[in-house]
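The values are calculated or read from the model by the stated rules, or taken from the named source; none is laboratory data. Remember, it's a predicted structure, so these values are computed and weren't measured experimentally. Reconstructed Cβ throughout: ideal geometry from the backbone, glycine too, with neighbour counts over all protein chains shown.
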Amino acid sequence: MSRSVTVRVPATSANLGPGFDSLGLALALFDDVTAELDPDAPGLSITVEGEAPEVAERGERHLIVRVLHQAFEMLDALAPEPSGPPIGLRLHCVNRIPHSRGLGSSSAAIVAAIIAARHLHPHGELLDDERALRLATEIEGHPDNVAPCLAGGLTVAWTGPDGPRLVRLDPAVTQVVAFVPEQRLATEQARGLLPSTVPHRDAAANAGRAALLIAALTRDPSVLLDATEDRLHQRYRAPAMPESAALLERLRGNGVPAVISGAGPTVLAFTTASQVDSIGLEVGNGWHIHPLDVAPHGARVQHEGSGVRP
């Protein structure tokens, strides 16, 4: 009997200025992933609507397919009776999150696959939230995007002796504006620009600003301009995204708390759509402007088909 599940996953913005590799925010821009297993019709079928339709051609190399296999392997190792790999997989993706723009498209794909596996595997309940975070972090390499994608809202994530952890917070800020360029930038390329060491004064300044940013996002948004100041990563990555760096400087010079979203090149501003209209000349042409609500919830199952556990 075939089993199917549809998972909705939010975009995310990591770092948020000084919270390098630790802070993340879930945003109300969603991908929908439908995965169906039909053992009576073996093989793989992938269709993609919206962003990056070319990824459908990757077949077994598609990120969601690879993560589904990894999640099934993890569950088989935990289950009393292994299920084996997913057979007869039909995957349909409705992609709204821009790819390679710093809005967590890869984290969304990873989390969607893990949540889908939880509902498609006969012993999926063994893949609890802690194990889901651990697997997602292992695949992504760091927890700052996968944490808000799983939990929603504002998250602080870190990796300790027992693996990755997260704390979820309810932000007082409920809307942001994303300025998305046509340019793409691979996370690996952006990380390659970071120095191996930074001045002590810059590290100390960022530690203080990151602490202030938590207070600004949860209690006092009036201090967001100071709280979003960064000295660890944005200026080092600027040569790879000069237009984003210039827009960031213009917005902040105009008093708008703005940051590079994740590894870039999207610029995220803690402001509203109406305020963006008043600074239109500062933005310039060539940007897709998306007013976005903060998503209070992370990945969620939208629909389960026949044969799926309740």
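So for the range 218-238 (the condition being farther than 19 Å from Ala263 by Cβ and touching a strand residue (DSSP E or B) at 6+ places or on another chain (Cβ under 6 Å)), does at least one residue qualify? If you could, list the steps in order and put the result at the bottom.
The initial filter retains those residues of the range 218-238 that are farther than 19 Å from Ala263 by Cβ, namely 218-227.
Cutting the leftovers down to touching a strand residue (DSSP E or B) at 6+ places or on another chain (Cβ under 6 Å) gives us 218.
Yes, because at least one residue in the range 218-238 is farther than 19 Å from Ala263 by Cβ and touching a strand residue (DSSP E or B) at 6+ places or on another chain (Cβ under 6 Å).
Pairs, please: C-beta under 6 Å, at least 6 apart or cross-chain, first residue assigned by TED's automatic domain parsing to the domain that holds Tyr236 and in the range 198-217, second hydroxyl-bearing (Ser, Thr, Tyr)?
Qualifying pairs under 6 Å: none.
Show me the helices (runs of 4 or more DSSP H) entirely contained within the range 104-177 in which 3 or more residues are over 26 Å from Ala216 (Cβ atoms) and over 13 Å from the mean Cα position of the chain (by Cα).
105-120, 129-140
For the range 14-43, which positions are acidic (Asp, Glu) and surrounded by fewer than 20 Cβ atoms within 10 Å (Cβ to Cβ)?
Taking the range 14-43 first, the residues acidic (Asp, Glu) are 21, 31-32, 36, 38, 40.
The answer is Asp21, Asp32, Asp38, Asp40.
Would you check if there is a residue in the range 272-281 being touching a helix residue (DSSP H, G or I) at 6+ places or on another chain (Cβ under 6 Å) and not polar (S, T, N, Q)?
Residues of the range 272-281 touching a helix residue (DSSP H, G or I) at 6+ places or on another chain (Cβ under 6 Å): none.
The answer is no; no qualifying residue exists.
Just need a number here: residues in the range 90-131 that are surrounded by 23 or more Cβ atoms within 10 Å (Cβ to Cβ) and in contact with a Gly (Cβ under 6 Å, 6 or more places away or on another chain).
Looking only at that region, the number is 2.
Can you find a residue that is hydrophobic (A, V, I, L, M, F, W, C), in contact (Cβ under 8 Å) with a residue 40 or more places away in the chain and closer than 21 Å to Ala11 by Cβ anywhere in the range 219-231? Walk me through it before giving the result.
Initial filter on the range 219-231 (hydrophobic (A, V, I, L, M, F, W, C)): 223-225, 227.
Among the residues that remain, those that are also in contact (Cβ under 8 Å) with a residue 40 or more places away in the chain are: 224, 227.
Cutting the leftovers down to closer than 21 Å to Ala11 by Cβ gives us 224.
Yes, that holds for at least one residue.
Is there any pair with a first residue in the range 133-155 that is closer than 20 Å to Ile64 by Cβ and a second that is surrounded by fewer than 22 Cβ atoms within 10 Å (Cβ to Cβ) and of a type in the set (Phe, Trp, Tyr) whose Cβ atoms are under 9 Å apart and which are 6 or more apart or on different chains, and what are they?
Partner pairs satisfying both residue conditions: Pro143/Trp158.
Which pairs do you get when a residue that is assigned by TED's automatic domain parsing to the domain that holds Gly124 and buried (at least 24 other Cβ atoms within 10 Å of the Cβ), found in the range 1-13, comes within reach of a residue that is assigned to a strand (DSSP E or B) and hydroxyl-bearing (Ser, Thr, Tyr), reach meaning Cβ atoms under 6 angstrom, with the pair 6+ apart or on two chains?
Partner pairs satisfying both residue conditions: none exist.
Yes/no matrix, rows are residues, columns are (1) among the charged types (D, E, K, R); (2) over 21 Å from Arg134 (Cα atoms); (3) out of contact with any Cys (no Cβ under 7 Å at 6 or more places or on another chain); (4) not assigned by TED's automatic domain parsing to the domain that holds Arg184:
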{"residue": "Val55", "(1), (2), (3), (4)": "no, yes, yes, yes"}
{"residue": "Arg61", "(1), (2), (3), (4)": "yes, yes, yes, yes"}
{"residue": "Val65", "(1), (2), (3), (4)": "no, no, yes, yes"}
{"residue": "Leu89", "(1), (2), (3), (4)": "no, yes, yes, yes"}
{"residue": "Ser100", "(1), (2), (3), (4)": "no, yes, yes, yes"}
{"residue": "Ser107", "(1), (2), (3), (4)": "no, no, no, yes"}
{"residue": "Val111", "(1), (2), (3), (4)": "no, no, no, yes"}
{"residue": "His119", "(1), (2), (3), (4)": "no, no, yes, yes"}
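Would you be able to say whether some residue in the range 90-101 is more than 18 Å from the chain's Cα centre (by Cα), aliphatic (A, V, I, L, M) and assigned to a strand (DSSP E or B)?
So in the range 90-101, the residues more than 18 Å from the chain's Cα centre (by Cα) come out as 90-92.
This time we only want the ones that are aliphatic (A, V, I, L, M), so: 91.
Checking the rest, the ones that are also assigned to a strand (DSSP E or B) come to 91.
Yes - at least one qualifying residue is present in the range 90-101.
With the condition kept exactly as written, say whether any residue in the range 135-145 is in contact with a Gly (Cβ under 6 Å, 6 or more places away or on another chain), modelled with pLDDT of 95 or more, surrounded by 24 or more Cβ atoms within 10 Å (Cβ to Cβ) and among the small types (Gly, Ala, Ser). So that I can check it myself, show each step before the final result.
Pass one, the range 135-145, residues in contact with a Gly (Cβ under 6 Å, 6 or more places away or on another chain): 144-145.
Applying the additional criterion that residues be modelled with pLDDT of 95 or more yields 144-145.
In the following step, the residues that additionally are surrounded by 24 or more Cβ atoms within 10 Å (Cβ to Cβ) were identified as 144-145.
Next, from what is left, pick out any that are among the small types (Gly, Ala, Ser): none.
The answer is no; no qualifying residue exists.
Got at least one residue in the range 278-291 being modelled with pLDDT of 85 or more, out of contact with any Lys or Arg (no Cβ under 6 Å at 6 or more places or on another chain) and among the aliphatic types (A, V, I, L, M)? Give the steps one after another, and end with the answer.
Within the range 278-291, the first condition is being modelled with pLDDT of 85 or more, and the residues that meet it are 287-291.
Pick out the ones that are also out of contact with any Lys or Arg (no Cβ under 6 Å at 6 or more places or on another chain) and you get 287-291.
If we keep only those that are among the aliphatic types (A, V, I, L, M) as well, we get 289.
Yes, there is a match, as at least one residue in the range 278-291 is modelled with pLDDT of 85 or more, out of contact with any Lys or Arg (no Cβ under 6 Å at 6 or more places or on another chain) and among the aliphatic types (A, V, I, L, M).
Which residues, counting only those in the range 1-59, are more than 22 Å from the chain's Cα centre (by Cα) and either of a type in the set (D, E, K, R) or part of a helix (DSSP H, G or I) (or both)?
Correct list: Arg3, Glu36, Asp38, Asp40, Glu57, Gly59.
Could you check the range 164-198 and list, in sequence order, the residues that are at pLDDT 95 or above and over 27 Å from Val276 (Cα atoms)?
Pro164, Arg165, Leu166, Val167, Arg168
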